[in-house]
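Some notes on the structure that comes next.
Values in this text are rule-based calculations from the coordinates and carry no lab data. Everything numeric in this text was worked out from a predicted model, so none of it was measured. When we count neighbours, we look across all protein chains shown, and the Cβ atoms used for this are built from the backbone with ideal geometry, even at glycine.
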């Protein structure tokens, strides 16, 4: 699983409209390459973290609240689940990080 962080809200304030358009095109091109190669298992973009709900244990009960964590600077923005080696997953993540400069995490999905 390749998880994309950042690129939401305040992290885009200093980016030009051309950069944002280029980043979107870069991501769509890479997504299509993964589809065409048969490596893509699943993928999805996520909504802005301001639309998230967080459930915390408070006063002995689970309590849902608006929003994610306080003062969040990086948030999960989307993911790809691919059928490939770790080396290949790291190559894919590096292509995105090279453009966005936002961190990405590569983690193997556990199989039962």
Legend entry - Listed residues 18, 39, 101, most fluctuating in the chain (Gaussian network, C-alpha, under 10 Å): 18
Inset, instruction - Would you order 16, 54 from fewest to most other beta-carbon atoms within 10 Å of each residue's own beta-carbon? - result: 16, 54
Inset, instruction - Please identify, among 82, 92, 20, the residue showing maximal mean-square fluctuation in a Gaussian network model of the chain using a 10 angstrom Cα cutoff. - result: 20
Legend entry - Label-point gap, in nm, between residue 25 and residue 87 - each point 7 angstrom along Cα→Cβ: 3.2 nm
Inset, instruction - Compute the long axis of helix 86-100 from its Cα atoms, compare it with the longest principal axis of the Cα atoms of the chain, and write down the angle in degrees, 0 to 90, nearest 10. - result: 80 degrees
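Find the relative contact order for segment 2-106 and round it to a whole percent, using C-alpha pairs within less than 8 Å whose residues are 6+ positions apart. Please list the in-between numbers first.
On the way: 130 pairs, mean separation 48.0, N = 105.
With pairs under 8 Å counted, the relative contact order is 46 percent.
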Legend entry - Å³ per residue enclosed by the Cα convex hull of segment 2-106: 115 Å³
